[in-house]
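Novice: Sending over a structure as C-alpha cells; questions will come in a sec.
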Amino acid sequence: MSPNKIVKTDAEWRAQLTDVEFQVLREAATERPWTGELIDEKRDGVFRCRACGAQLFPSGTKFDSHCGWPSFYDAEEGAVTLHEDRSHGMVRTEVRCASCDSHLGHVFPDAPQTPTGERFCINSVSLTFDQTEGEPA
C-alpha cells in the first residue's frame with residue numbers, strides 16, 4: 001500500500017459523504033444517467049475525487065460521449081487504478097481513485113474519436129470541479 005493512501009472506516013466515510021455519495025464512492029453504485037451536475041461542465045479546470053480531493057481528470061480530456069455521465073479520454077498519470085468488474089453479469093473495467101480507492105465509474109475501449117480510444121465513464125457524484133484561476137465564472 002502506498003504511504004500516501006487514504007484509509008478511513010465506513011463510519012468515517014459516512015460522516016464525510018452524503019448517502020448518495022457513499023453509495024457510489026464506497027459501495028460502487030451508479031447514479032442515474034443524465035442526472036449529474038457535471039455532465040455539461042465545459043470550463044477549464046480540473047476534476048477531483050469528491051471523497052479525497054485528488055486530481056483525477058484535466059478538463060481538456062473531457063468529451064461529450066452522449067452516454068449520460070461525464071466522459072474523459074484519459075486520467076492524470078497515476079491518479080486512477082483499474083480493476084476487473086464482473087458484477088451485473090458482464091465483464092467491465094472499474095475505475096477507482098488511486099488515493100482513496102473510491103469507485104468512480106468504468107472505462108470502455110469504445111471511443112475511436114479520442115486520442116486514446118478510451119471512454120472513462122465517470123459518475124458526476126464521484127467528482128468535484130475546480131475552475132482554473134483567472135477564468136470567468
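Novice: Which ³J(HN,Hα) values, rounded to whole Hz and listed in residue order, are derived for the stretch 74-91 from phi using the Karplus coefficients 6.51, -1.76 and 1.60 in 6.51 cos²θ - 1.76 cosθ + 1.60 with θ = phi - 60°, glycine and proline given as x?
Specialist: Ordered by residue, 3J(HN,Hα) equals 7, 10, 4, 4, x, 7, 10, 10, 10, 9, 5, 10, 9, 6, 6, x, 9, 10 Hz.
Novice: Another one. So how do 112-119, 46-53 stack up, highest first, on mean other-Cβ count within 10 Å?
Specialist: Most protected by this proxy first, the peptides run 46-53, 112-119.
Novice: Let me ask something additional. In whole Hz, what ³J(HN,Hα) sequence does the stretch 25-32 give by Karplus (6.51, -1.76, 1.60; θ = phi - 60°), x for Gly and Pro?
Specialist: For the stretch 25-32, the Karplus curve yields 5, 9, 10, 6, 6, 10, 6, 5 Hz.
Novice: Report the gain in length on full extension from residue 9 to residue 84: 0.36 nm times residue separation, minus Cα-Cα distance, nm rounded to one decimal.
Specialist: Numbers: separation 75, 0.36 × 75 = 27.00 nm, distance 2.36 nm.
Answer, rounded to one decimal: 24.6 nm.
Novice: Highest mean first, how do 86-98, 63-75, 6-18 rank when packing is the count of other Cβ atoms within 10 Å averaged over residues?
Specialist: Sorting 86-98, 63-75, 6-18 by mean packing, highest first, produces 63-75, 86-98, 6-18.
Novice: Is it possible to state the helix-based mean residue ellipticity at 222 nm for the chain, with each DSSP H run of 4+ residues giving -39500 (n - 2.57), the sum divided by total residues, to the nearest 500 deg cm²/dmol? What is it?
Specialist: Roughly -3000 deg cm²/dmol at 222 nm, from the helical runs in the chain.
Novice: Here is a follow-up. Just add up the charged neighbours of residue 108: K/R +1, D/E -1, any other residue whose Cβ is under 12 Å from the Cβ of residue 108.
Specialist: On the way: positive: 92, 119; negative: 85, 94, 110, 118.
Cβ neighbours under 12 Å give a net charge of -2.
Novice: Per-residue HN-Hα couplings for the stretch 95-100, Karplus 6.51 cos²θ - 1.76 cosθ + 1.60 at θ = phi - 60°, whole Hz, x for Gly and Pro?
Specialist: Values per residue, Gly and Pro as x: 10, 10, 5, 5, 7, 10 Hz.
Novice: I'm spelling it out carefully: the read-out is semi-axes √(5λ) of the Cα gyration tensor in Å, the candidates are (i) 26, 18, 14; (ii) 21, 19, 15; (iii) 35, 24, 12, and one was derived from this structure. Which label?
Specialist: The calculated read-out lines up with (ii).
Novice: Still on this structure, I have one more. Check the cysteines of the chain one by one and keep only those with no other cysteine Cβ under 4.7 Å from their own.
Specialist: Here 67, 121 come out as lacking a disulfide-compatible partner, given the Cβ-Cβ threshold of under 4.7 Å.
No value in this document is a laboratory result; all are computed from the given coordinates. Predicted model only: the values in this text are computed from it and were never measured. FYI the Cβ positions are ideal-geometry reconstructions off the backbone, even for glycines, and counts take in every protein chain you see.
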